[in-house]
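One structure is given below, encoded as structure tokens.
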Amino acid sequence: MTENMSRILEALIFISVEPLTAAKIAEVLPEVSPEEIEPALRDLVAQYEASDRAIRIVQTAGGYVFSTKPEFDPPVRKLLQIERKKKLSGQALEALSAVAYHQPVTQAEIAAIRGVDSSYSLHTLLENKLIKIVGRKDAPGRPLLYRTTEKFLTYFGLNAIEDLPSAEELKKLMQEESA
Amino acid sequence: MPIDDHQIPGPGAPDPRIPGGEAPAAELVLPAPPSETPPAALAAPAIGSSARAEEGYQIRLGMFEGPLDLLLFLIKKKKIDIQDIPIAIITREYLEYLSHKERINLDREAEFLLMAALLIYIKSQILLPREQPVEPDIDPRKELVDRLVDFQRIKAAVGVLREREEEQSQVWRRAALTAPLPEADLDLIEVSLFDLAESFFTMLQRRQGESLQVIQGKELSMDDKMDEIVALLKEHDFLDFLEYLGAHDSLEEALLAFFCLLELIKARLVVAIQEQLFHTIKVWLRKETSFAKVNE
């Protein structure tokens, strides 16, 4: 049963461009209970991990999606005619992690956290859809509030924002670094 | 609180370690004139540049993302406990870095100066005798320390994100193959609701001065309007957002057109794009739509 369910899910994930969420699966397969889907998904992911296929199934932004394994980066890039993936600048990354850890947050708050004006970085991040405007803060000037997006999660291969290291874990990281 | 440090280098009492205030910075070891640094490099210094900073004073401010970054570097270099910063020592070190600049570019370095002022202010708070301690338990350094600790955490998170970005840059998903406008320039900005609303209000304001008109009792339906927009887009490829809204006779009609456009954007049938910041907003028919129509 699980095996057949795994194969159905495999087909659904294969055809999905965006990560396939549990909610979407439930929509497509209303007769199947979540208790059946969960183990089937895990089984499917494990099957790909165990095989020596060039692709695997990853969980990101709350859904499942096919992804190539890192060792096949060069040929894939050649096919897509992409020299190399663009990386974020140090400034942008710093602004982004300030948003991620303090969201929802205003531009002024980010500038205070970093000690530097961050308008340019925020603009770059908005352009790349790694952050979005979620409204205005009830404060003088009604400044815009920013949050990270779903693309932020997929970009960094995170499943949920909680997957980022906690304040405690970051502290440990810092200690390791200075040790 | 023990004050184990003293003497802040100030205009009155120049620190012996900083070559005299008036003396030109020529004596200092500064490999390249700072003015030669291209602005682009300043705007986006390469990551890991602060790691190279061990080479003593041959580093430039441009290597630091900001004043907090420089402070953290100094704290690490001097092996100082972040919870108990000797303000005088750190201020002296900090000012020494600033003094290597022949000219201060206010656009970029105002923030570094602000931090210098804050350090000196904190030191003065520690030194000034008070008749009555305002709040004896509050360390004047506390706010800065809290900021530094938080910033340190953000830096650690940057490291984590950088690593993940590197990992992810080597794996590919199918989403990469279906960019919304594959033939279009990467600099295109899909605009947010806020941009659209702002644009709309600009148009309203522009038209406020116009004389009043008699409103004709016209039947307006959203469906008809949306059909009209789609038809126009098919004919013209794109519409100038403001121009189109402005072309309507009555406010009612302009509002309807605005809501129809929002509705079409929400339904992902059209896309609103700004080619560059401050450019006009253009509305395009989404490419996928035409595919969808073919499949039907």
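Let's see how each residue does on (1) part of a loop (DSSP other than H, G, I, E, B); (2) crowded, with 17+ Cβ neighbours inside 10 Å; (3) more than 14 Å from chain A (Cβ to nearest Cβ); (4) at pLDDT 50 or above:
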| residue | (1), (2), (3), (4) |
| --- | --- |
| B:Pro31 | yes, no, yes, no |
| B:Pro45 | yes, yes, no, no |
| B:Ile59 | yes, yes, yes, yes |
| B:Lys79 | yes, no, no, yes |
| B:Ala88 | no, yes, yes, yes |
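Out of A:Lys171, A:Lys151, I need the residue that is facing another protein chain (nearest Cβ under 10 Å), surrounded by fewer than 20 Cβ atoms within 10 Å (Cβ to Cβ), basic (Lys, Arg) and touching a Lys or Arg at 6+ places or on another chain (Cβ under 6 Å). Which one? Just one listed residue meets the conditions, A:Lys151.
Among the conditions (1) part of a strand (DSSP E or B); (2) facing chain B (nearest Cβ under 8 Å), the only one that A:Ala112 does not satisfy is (1).
Within the stretch A:120-148, the set of residues being more than 11 Å from every other protein chain (Cβ to nearest Cβ), in a helix (DSSP H, G or I) and closer than 15 Å to B:Phe194 by Cβ comprises A:Leu122 only. Among residues of the stretch A:154-168 being more than 9 Å from every other protein chain (Cβ to nearest Cβ) and aliphatic (A, V, I, L, M), the one that is surrounded by the fewest Cβ atoms within 10 Å (Cβ to Cβ) is A:Ala160.
Within the stretch A:26-42, the set of residues being loosely packed, with under 15 Cβ neighbours inside 10 Å and either under 20 Å from the mean Cα position of the chain (by Cα) or under 20 Å from B:Val171 (Cβ atoms) (or both) comprises just one member, A:Arg42. Does B:Asp227 qualify as being assigned by TED's automatic domain parsing to the domain that holds B:Phe200, at pLDDT 75 or above and exposed (fewer than 15 other Cβ atoms within 10 Å of the Cβ)? For B:Asp227, the condition - assigned by TED's automatic domain parsing to the domain that holds B:Phe200, at pLDDT 75 or above and exposed (fewer than 15 other Cβ atoms within 10 Å of the Cβ) - is met.
Of note, B:Ala247 satisfies the criterion of being small (Gly, Ala, Ser) and at pLDDT 75 or above.
The sole residue among A:Tyr120, A:Tyr101 that is outside the structural domain of A:Ala11 (by TED's automatic domain parsing), out of contact with any Phe, Trp or Tyr (no Cβ under 8 Å at 6 or more places or on another chain) and touching a residue at least 60 places away in the same chain (Cβ under 8 Å) is A:Tyr101. Can you confirm whether the stretch A:3-25 contains a residue that is within 25 Å of the chain's Cα centre (by Cα), acidic (Asp, Glu) and surrounded by fewer than 13 Cβ atoms within 10 Å (Cβ to Cβ)? Scanning the stretch A:3-25 turns up no residue that is within 25 Å of the chain's Cα centre (by Cα), acidic (Asp, Glu) and surrounded by fewer than 13 Cβ atoms within 10 Å (Cβ to Cβ). Say we look at the stretch B:140-166 and pick out the residues that are acidic (Asp, Glu) and facing chain A (nearest Cβ under 7 Å); which of these is nearest to A:Leu164 (Cα to Cα)? Filtering first and then ranking leaves B:Glu165. Here is the figure for the stretch A:48-61: residues that are crowded, with 16+ Cβ neighbours inside 10 Å and more than 9 Å from chain B (Cβ to nearest Cβ) total 5.
Sort out which residues of the stretch A:67-95 are more than 17 Å from B:Gly159 (Cα to Cα), facing chain B (nearest Cβ under 7 Å) and among the polar types (S, T, N, Q), and write them in order of number. Selection gives A:Ser67, A:Thr68. The requirement of being exposed (fewer than 14 other Cβ atoms within 10 Å of the Cβ) and either at the interface with another protein chain (Cβ under 7 Å from one of its Cβ atoms) or modelled with pLDDT of 90 or more (or both) is fulfilled somewhere in the stretch B:186-194, by at least one residue.
Take A:Val58 and decide whether it is in contact with an Asp or Glu (Cβ under 9 Å, 6 or more places away or on another chain) and closer than 27 Å to A:Ala23 by Cβ. Answer is no for this residue.
In this entry, A:Val65 passes the filter for residues that are over 21 Å from A:Ile133 (Cα atoms), in contact (Cβ under 8 Å) with a residue 24 or more places away in the chain and crowded, with 20+ Cβ neighbours inside 10 Å. Restricting the stretch A:43-72 to residues that are over 18 Å from the mean Cα position of the chain (by Cα) and of a type in the set (Gly, Ala, Ser), the residue that is nearest to A:Leu12 (Cα to Cα) is A:Ala46.
The values are calculated or read from the model by the stated rules, or taken from the named source; none is laboratory data. Keep in mind it's a predicted model, so treat the numbers as computed, not measured. Please note: Cβ atoms are built from the backbone with ideal geometry, for glycine as well, and neighbour counts cover all protein chains shown.
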